[in-house]
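**Student:** Structure in structure tokens, see below.
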Amino acid sequence: MVRLSDLVLRKRTKEKPSTLLSDLDIPDKESKDAVLEDVYNEGCSYIESNVRQVKKGEVPDVEPGKRIITKIVDNARVQDALYLKALYTKDEKDPFVTHLMNVAVYAVKVGVGLRYSRDDLVRLGIVGLLYDLGMVKVPQKVKEKKGKLTPGELERVRSHPEMGYKILSKLGPSYKWVADVALQHHEREDGSGYPKGLKGKEIHEYAKIIGVVDVYEAMTHARPQRKHFLPFLAVKEIVQTQKGRFAPAIIKGLLVQLSVFPVNSYVKLNNHSLAQVIKITKDEPLRPTVRILFDPQGRRVEGKEVVDLKSTPLLYIVDSLFKEDLPS
């Protein structure tokens with residue numbers, strides 16, 4: 001079994017992420033929330049436009065996506081806020097659209113952890129918005145089927161990387177990497193993926209990142225047949241059940257960058273108290289510092305009751321919450 005503590009994060013450059021990214025200078029919380037909504041909604045609208053174009057047999061336009069991703073890459077606070085929104089967005093009008101937007105956000109953050117250059121981060125985010133467009137060609141009744149797929153239906157689903165490659169190849173030689181990642185995002189490190197059974201260095205590195213982030217995003221969002229996984233349980237599941245299928249350094253980047261309990265997120269403790277995360281430490285991401293909002297009886301706690309879970313072994317997090325799940 002691979003232990004998370006044993007995974008080694010590879011350094012990509014000598015530059016620290018903070019030298020590549022600038023903080024967003026917005027004066028008040030309401031303005032920040034508005035900017036956040038604008039960036040997220042702009043990304044979703046771009047994906048919706050791409051879906052319409054693909055259905056009509058047209059080629060997506062990369063430039064609007066590049067502008068959206070550049071906004072994210074150039075603003076560290078926007079990255080963190082978008083991650084929180086992507087992780088805890090509850091009302092999904094179109095799960096396919098939000099899935100692609102969330103994958104793009106997650107991929108950029110993992111790329112930061114791998115110390116990618118600014119240009120690589122932008123390219124990684126762009127491909128996150130585009131990589132799964134082959135799914136548009138899969139019949140809706142197959143995508144929405146809740147029961148077991150027939151062999152024929154499974155074959156249709158498994159053909160979507162090749163259909164995505166065909167669609168995105170029309171972007172031309174300058175964007176061959178986008179088409180390659182679309183083709184390879186279901187390939188796996190040990191050769192167990194599809195459609196070609198590629199291994200290790202045969203797989204484009206962007207495709208390795210998109211592949212694991214794609215799985216993580218799906219696991220951390222509810223589906224009709226199951227609840228969502230807590231982020232740390234999703235990573236644990238990936239590590240324990242898919243050992244060898246993903247590169248250890250990329251899983252490490254996933255764990256480190258996609259904080260299992262992000263600052264400002266809401267959590268439930270084992271004593272039934274409800275709290276908000278106010279500080280995390282990368283050496284013990286499962287035991288952040290929290291501010292208690294509601295006591296075990298559901299009563300609002302007045303003042304600031306702060307608990308460092310690293311120093312309180314009898315208390316621990318049992319679930320993550322949406323803001324609307326808190327008592328009114």
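Read-outs: derived from the displayed coordinates by stated rules, not from any lab. Every value quoted in this text rests on a predicted model; they were computed, and no experiment measured them. No Cβ is skipped: glycine too gets one built from the backbone with ideal geometry, and neighbour counts run over all protein chains shown.
**Student:** Taking only Cα atoms, what is the 0 to 90° angle, nearest 10, from helix 231-241's long axis to the longest principal axis of the chain?
**Tutor:** For helix 231-241, the angle is close to 50 degrees.
**Student:** Can you tell me what the convex hull of the Cα atoms of the range 31-184 projects to on average, as an area in nm²? Kindly include the intermediate steps, with their values, before the conclusion.
**Tutor:** Values: hull surface 38.4 nm².
Averaged projected area of the range 31-184's Cα convex hull equals 9.6 nm².
**Student:** The chain: D in µm²/s via Stokes-Einstein (Kirkwood Rh, Cα pairs, 25 °C, 0.890 mPa s)? Write out the running numbers ahead of the final one.
**Tutor:** Values: Rh = 20.8 Å.
It comes out at roughly 118 µm²/s.
**Student:** Give me, ordered by chain and number, the residues 5 or more places off I278 or on other chains with an amide H under 5 Å from its own placed amide H.
**Tutor:** Under 5 Å from the amide H of I278 lie the amide H atoms of N264, T289, V290, R291, each far enough along the sequence or on another chain.
**Student:** On to the next question. Hey, how many Å between the Cα centroid of the range 259-296 and the Cα centroid of the range 100-179?
**Tutor:** Using only Cα atoms, the two centres lie 33 Å from each other.
**Student:** Something else: Residue by residue, what Karplus-based ³J(HN,Hα) values in Hz, rounded to whole numbers, does the range 293-302 have, using 6.51, -1.76 and 1.60 with θ = phi - 60° and x for Gly and Pro?
**Tutor:** 9, 9, 7, x, 8, x, 8, 5, 8, 7
**Student:** Identify the trypsin sites (Lys or Arg not before Pro) of the range 244-328 meeting these criteria: DSSP loop state and at most 14 other C-beta atoms within 10 Å of the C-beta. Don't jump to the answer; show the numbers that get you there.
**Tutor:** Numbers: sites: R245, K252, K268, K279, K282, R291, R299, R300, K304, K310, K323; in loops: R245, K282, R299.
Taking the range 244-328 and a limit of 14 other Cβ atoms within 10 Å, the loop trypsin sites (Lys or Arg not before Pro) found are K282, R299.
**Student:** Using amide H atoms built 1.01 Å from N in the peptide plane, name the residues 5+ places from V301, or on other chains, whose amide H lies under 5 Å from its own.
**Tutor:** F294, D295
**Student:** Residue farthest toward the positive end of the dipole of the range 266-325, with Cβ of Lys/Arg at +1 and Asp/Glu at -1: which of N271, L314, P285?
**Tutor:** Of the candidates, P285 comes out farthest on the positive side.
**Student:** Packing-wise, with mean Cβ within 10 Å as the measure, how do 168-179, 144-155 rank, highest first?
**Tutor:** Values: 168-179: 16.5, 144-155: 10.0.
The densest-packed peptide leads the list: 168-179, 144-155.
**Student:** Another one. Suppose we keep just the alpha-carbon trace of the range 266-325; what are its Rg and Dmax in angstrom?
**Tutor:** 10.8, 32
**Student:** Could you list which residues have their amide H under 5 Å from that of H221, counting only those 5 or more apart in sequence or on another chain, with H placed in the peptide plane?
**Tutor:** Under 5 Å from the amide H of H221: F229.
**Student:** Taking K and R as +1 and D and E as -1, what net charge do the other residues with C-beta under 11 Å from the C-beta of V277 add up to?
**Tutor:** Numbers: positive: K279, R287, R291; negative: none.
Net charge around V277: +3.
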